[in-house]
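Here's the structure, in structure tokens; my notes come after.
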Amino acid sequence: MAAARRVQLFYDVVSPYSWLAFEALCRYQHIWNVDLHLRPAVLGGIMKETGNQAPAMLPKRGEYMMKDIKRMAKYYQVPLQIPKDFFESMVKKGSLSAMRFLTAVDMIQPQFLEPMSRELWMRIWSRDEDITQPDSILDAARKAGLSSELAQQLLEMILSPEVKNRLKEAFGMPTVVIHLNGEPQLFFGSDRLELLSSVLGEKWLGPVPASPNPKL
Ligand SMILES: N[C@@H](CCC(=O)N[C@@H](CS)C(=O)NCC(=O)O)C(=O)O
């Protein structure tokens, strides 16, 4: 069998579309011949630099996105619920500490990235709970199976320059990057996974393939 190809997923837990792509790729990592690399990243810096507004902040676009997200969540079978105060949760509070925590997880114990990311999404995008306070992050860590010692150690790392510098920026969320013949190929959006499968030469079986070991 050919060596598994590396598929990198750049995501932010503030992004609902990232959650959809994350769950679909977590399902497919056991079906396709790929090696999934989860890459915590932030969108905010890019928005600031380019002066772009989050699409949801434009009223008509925002209205459309709310409907789109609900339909996509049902189709992807992800228990996503729109938070009551979208502006407060997404824009004002954001996800920087949570994403720094995930970056520290990636540096120290990357096997916890998948469950920890999922727990953070469950908080912000399913149960409308906070993800900015240390106690919120520690609660998610406990549910993801991290020991309290490890979680404390990671929490202490989030202000370190190593973590801050390692947190990647992506131009849109979710972004998937693969390398074909040494050339990076970038796919933007949870709606580009079918195209990704075609480029990889793998079968697209919809967002909920019969996975041998589904986590969600
Ligand atoms: N069509 C895409 C939409 C993804 C999307 O709107 N992502 C937002 C974050 S949740 C984003 O990256 N916006 C930045 C931009 O569009 O420039 C999908 O289905 O995933």
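So if the hydrodynamic radius of segment 106-195 is defined as the Kirkwood radius over C-alpha pairs, what does Stokes-Einstein give as its diffusion coefficient at 4 °C and 1.567 mPa s, in µm² per second?
Answer from the Stokes-Einstein relation: 85 µm²/s.
Could you please report the charge total around Met99, scoring K, R as +1 and D, E as -1 over all other residues with beta-carbon less than 12 angstrom from its beta-carbon?
Spelling it out: positives minus negatives among the neighbours equals +2.
In whole Hz and in residue order, list the ³J(HN,Hα) couplings for segment 72-85 that follow from phi through the Karplus curve 6.51 cos²θ - 1.76 cosθ + 1.60, θ = phi - 60°; x for Gly and Pro.
Residue by residue, segment 72-85 yields 5, 4, 5, 5, 7, 6, 10, x, 7, 10, 5, x, 4, 10 Hz.
Among all lysine pairs in segment 5-200 that are eight or more places apart or on different chains, how many have alpha carbons less than 23 angstrom apart?
Here the count comes out as 24.
Residue by residue through segment 147-154, which ³J(HN,Hα) values in whole Hz follow from phi under the Karplus form 6.51 cos²θ - 1.76 cosθ + 1.60 (θ = phi - 60°), with glycine and proline marked x?
Values per residue, Gly and Pro as x: 6, 5, 5, 4, 4, 4, 4, 5 Hz.
Take the solvent-accessible surface of the protein heavy atoms, probe 1.4 Å, and return the percent of it on the chain that carbon and sulfur atoms account for.
Of the solvent-accessible surface of the chain, carbon and sulfur hold 53 percent.
Using a simple spin-label model with points 7 Å from Cα along the Cα→Cβ vector, what separation in nm is obtained for Glu169 and Arg5?
For the pair Glu169/Arg5, the computed spacing is 2.9 nm.
Got the relative contact order for the chain handy, in percent, Cα pairs under 8 Å and 6 or more residues apart?
31 percent
Glu162 accessible area, nearest 10 Å², 1.4 Å probe?
Its heavy atoms expose roughly 110 Å² to the probe.
Using a 7 Å offset from the Cα along the Cα-to-Cβ direction at both Met66 and Ala210, what is the distance between the two label points in nm, to one decimal?
So the label points at Met66 and Ala210 sit 3.9 nm apart.
How high is the relative contact order of segment 112-205, in percent, counting Cα pairs under 8 Å that sit 6 or more residues apart?
With pairs under 8 Å counted, the relative contact order is 15 percent.
Amide H to amide H, which residues 5 or more places from Leu36 or on other chains are under 5 Å from it, using H placed in the peptide plane?
Correct list: Val7.
Once the other residues with Cβ under 14 Å from the Cβ of Gln152 are scored (Lys, Arg +1; Asp, Glu -1), what is the net sum?
The answer is -3.
Under the rule of -39500 (n - 2.57) per DSSP H run of 4 or more residues, summed and divided by the residues of the chain, what mean residue ellipticity at 222 nm is obtained, to the nearest 500 deg cm²/dmol?
Using -39500 (n - 2.57) per qualifying helix, the result is -13500 deg cm²/dmol.
List the longest stretch of the chain that has no exposed loop site; here a site is one of the trypsin sites (Lys or Arg not before Pro) assigned by DSSP to anything other than H, G, I, E or B, with at most 12 other Cβ within 10 Å.
1-83
For segment 65-179, what is the accessible area per residue in Å² when the probe is 1.4 Å?
50 Å²
The values are calculated or read from the model by the stated rules, or taken from the named source; none is laboratory data. All of these numbers come straight from a predicted model, not from anything done at the bench. Cβ: placed from backbone, ideal geometry, glycine included. Neighbour counts: every protein chain shown. These area figures cover heavy atoms from the full protein model, side chains too; ligands, DNA and RNA do not enter into them. Shrake-Rupley method; radii C 1.70, N 1.55, O 1.52, S 1.80 Å.
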